[in-house]
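Participant: The structure under discussion is supplied below as structure tokens; questions concerning it will follow.
The values are calculated or read from the model by the stated rules, or taken from the named source; none is laboratory data. All values reported here derive from a predicted model rather than from experimental measurement. A quick note on method: Cβ atoms are made from the backbone with ideal geometry, for glycine too, and the neighbour counts reach across all protein chains shown. Areas reflect the complete protein model, heavy atoms only, side chains present, ligands, DNA and RNA absent. Shrake-Rupley method; radii C 1.70, N 1.55, O 1.52, S 1.80 Å.
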Amino acid sequence: MMRNNLAHLRKERGYSQEKLGELLGVSRQTIISIEKGRFDPSLPLAFAIAKIFGRKIEEIFFPDN
């Protein structure tokens, strides 16, 4: 599994989990699962998340060492 700082970035932008899910075309539950590290997003979804926040994928997702 990967770790991430998605919750921090989302809150920084003032997005709710529901709003971010809408922007990405996924459910709020998917956002919750990604933030809690229970679900690793697909590569296309990871790219979409990175694009929304203007970051590189590796600035959002990183290995759980």
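Participant: Leaving ligands and nucleic acids out of the surface, order LYS19, LYS11 by accessible area at 1.4 Å, largest first.
Facilitator: Per-residue accessible area, sorted high to low, gives LYS11, LYS19.
Participant: Now for a different question. What order do GLU58, GLU18 take when sorted by accessible area (1.4 Å probe), most exposed first?
Facilitator: Numbers: GLU58 130, GLU18 105 Å².
Highest to lowest solvent-accessible surface, that is GLU58, GLU18.
Participant: At 1.4 Å probe radius, can you tell me the per residue accessible area of the chain in Å²?
Facilitator: Result: 65 Å² of accessible area for each residue.
Participant: Below 8 Å between Cα atoms, with a sequence gap of 6+, how large is the relative contact order for the chain in percent?
Facilitator: 44
Participant: Continuing with this model, one more query. At a Cα cut-off below 19 Å, give the lysines reachable from LYS51, other chains included and same-chain residues fewer than 8 away excluded.
Facilitator: Straight-line reach from LYS51, under 19 Å: LYS11, LYS19.
Participant: Probe radius 1.4 Å, ligands and nucleic acids ignored: give me the carbon and sulfur share of the accessible area of the chain as a rounded percent.
Facilitator: Reported share for carbon and sulfur atoms: 50 percent.
Participant: With only Lys, Arg, Asp and Glu charged, each at its Cβ (+1 for the first two, -1 for the last two), find how big the charge dipole of the chain is about the Cα centre; round to the nearest 20 debye.
Facilitator: 140
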